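Everything on this sheet refers to the single structure shown next.
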2 protein chains.
Amino acid sequence: MEDMLISKNEFIQAQKQAKAMLDRAGIVLTEKEIKNIEVADLGLARLQEFGLEVVVYVNTDRVCAKELVLFPYQICPEHLHPPVAGKAGKEETFRCRLGQVLLYVPGPETPHPKARIPEDKKAYLHVRHEIILNPGEQYTLPPHTLHWFQAGPQGAVVSEFSTTSRDELDIFTDPEIKRIPQVGA
Amino acid sequence: MEDMLISKNEFIQAQKQAKAMLDRAGIVLTEKEIKNIEVADLGLARLQEFGLEVVVYVNTDRVCAKELVLFPYQICPEHLHPPVAGKAGKEETFRCRLGQVLLYVPGPETPHPKARIPEDKKAYLHVRHEIILNPGEQYTLPPHTLHWFQAGPQGAVVSEFSTTSRDELDIFTDPEIKRIPQVGA
C-alpha cells in the first residue's frame, strides 16, 4: 500500500467496488481473498482509467488462475509476456463472466473500435485488432503477443487461465508504467 | 453417444441437470458449450452414483480449465494422473463454486468421513484423508496423487485449473472403469 500513488481511501474503495462486481458475477471468495484483492494502479495514479483489480486463485510453477475486475472503461495497458529462461512466455485465456471486454491484439486494425482511449496515452496502445468478449465468450492469447484490454460501460469480470504468472517480467509499452509495486492489502 | 451404456434419454437429462446447476452457480455458457456438456458415465452405467459432467473451457499443451458438475452424492472415482513423456503428470486445483465437495487424498484416514460409498465399490476407493470444500474453498493436488471426490447432498460445481488434460491416460483404481469413451453430444 505504501508504495502506491493512490490514497489509502481510493485503494479501499477500489477493493469494495471490485468485490461488488465479483458478487454480481456470482463469484464466492473467502474472507482472506476479499481482504487481499489486488489493486494495481501500475504507477500511473489514474486508477479509474488505467489498472485492474485481481484475485489470484493459484499460481504454481506450471499453472495460474485469476479473476480480473475492470471498472467501467478501465484499461489494462498494452504489454506482452516474454519468454523466461528459454521457455515460452505466459499463455493466457481470457473468459468474460460479467459485462464486456474489448480486447486488442495484433491483426488488421478494426475500423471503428469501441474503446475509449485517453488522448495522452494513444501512442502506447499500438495493437488495434478488436475482439469483443461478452459473458461466456473467451479468447486464448499466444505467448509473446502484444495486447491490451478495456472494459465496456458496465465494467467487466474476466477469468484468466494461464501458465505461471510472473508479473514483474511483463513488458509494458508505456514507459511510465510500473507493474511492480502492485499492491494487496 | 453410441458408445455409452446409459440411454440417450438419461444422457439428455444429465446434460439438463448439469446446465441447471451451472446456472445456479452463475456460470454463463455459450450455446455451443451447453450442447457439448460432457456426460462421463465411465463405462459403469450408474451415472447418478459414479461419473461427472464437464465443460472444458480450454485445453492446450500447457494449460487446461474446466467446470465439473457433480450430482448429489455423485462420485468421481479414484484415479491418478501419471507422468507423460518424462514430464510430471497433471497438476490440478479444485475450487468449489456451489454445493460441497468431499475430496479424498493420501494421508491419515479421516475417522468419520462424510462420503456415502456404494458397498460394492468400497475396495476401489483407497485414499481416505478427507478435505471438505465449500464455495470459495480450493485445494491443489500434486501430480501422480491418488484422489477421488464426491458431491454433498446438494451436488457441486467445481472449477478445475490444471496443466494439460489427457483423460485417456488417467489410471483408475477400479478395473471396470473406462474413462474413454466418454461422450459429448
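The values are calculated or read from the model by the stated rules, or taken from the named source; none is laboratory data. Quick caveat: nothing in here was measured; it's all calculated off a predicted structure. For neighbour counting, all protein chains shown are included, and Cβ atoms are generated from backbone atoms with ideal geometry for every residue, glycine included. Surface accessibility is based on the protein's heavy atoms, side chains included, excluding ligands, DNA and RNA. Shrake-Rupley method; radii C 1.70, N 1.55, O 1.52, S 1.80 Å.
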TODO: Quantify, in whole percent, the carbon and sulfur part of the accessible surface of chain B (1.4 Å probe; protein heavy atoms only).
DONE: 54 percent
Open item on the list: Antiparallel versus total DSSP beta bridges in the range A:55-185: what percent is that, nearest 5?
Closed with: 100 percent
Open item on the list: Going by Cα centres, the range B:1-79 and the range A:121-135 are how many Å apart?
Closed with: 35 Å
Open item on the list: Residues of the range A:85-105 that become at least 50 Å² less accessible with every protein chain present than in their own chain isolated, using 1.4 Å: which are they?
Closed with: A:Glu91, A:Arg95, A:Arg97
TODO: Under 1.5 on a/c is rounded, so check that first for the range A:22-71, then, if it is not, pick prolate when a/b is larger than b/c and oblate when it is not; a ≥ b ≥ c are the square roots of the alpha carbon gyration tensor eigenvalues.
DONE: oblate
- [ ] Once you've got the GNM for chain A with C-alpha springs shorter than 10 Å, pick whichever of A:Ala20, A:Ala85, A:Ala45 has the biggest mean-square fluctuation.
- [x] A:Ala85
Task: Label distances, nm, B:Asn134 versus same residue in remaining copies, Cβ-directed 7 Å point - done: 3.6
- [ ] Within 10 Å of each Cβ in peptide A:55-68, how many partner chain Cβ atoms are there on average? Round it to a whole number, please.
- [x] 4
Task: Top of A:Leu44, A:Leu68, A:Leu22 by mean-square fluctuation, Gaussian network on chain A, Cα under 10 Å - done: A:Leu44
TODO: Quote the total accessible area buried by chains A and B together, excluding ligands, DNA and RNA, probe 1.4 Å, nearest 100 Å².
DONE: 2200 Å²
Task: Shape call, chain A: gyration tensor on alpha carbons, a/c limit 1.5 - done: rounded
Open item on the list: Is the C-alpha gyration tensor of the protein assembly as shown telling us rounded, prolate or oblate? Criteria: a/c under 1.5 is rounded; beyond that, a/b larger than b/c is prolate, otherwise oblate.
Closed with: prolate
Open item on the list: Under 10 Å, Cα contacts only: if you run a Gaussian network model on chain A, which one of A:Pro72, A:Pro108, A:Pro135 comes out with the highest mean-square fluctuation?
Closed with: A:Pro108
Task: Within the range B:153-182: backbone nitrogen closer than 19 Å to the A:Thr30 label point (7 Å, Cα to C-beta) - done: B:157-162
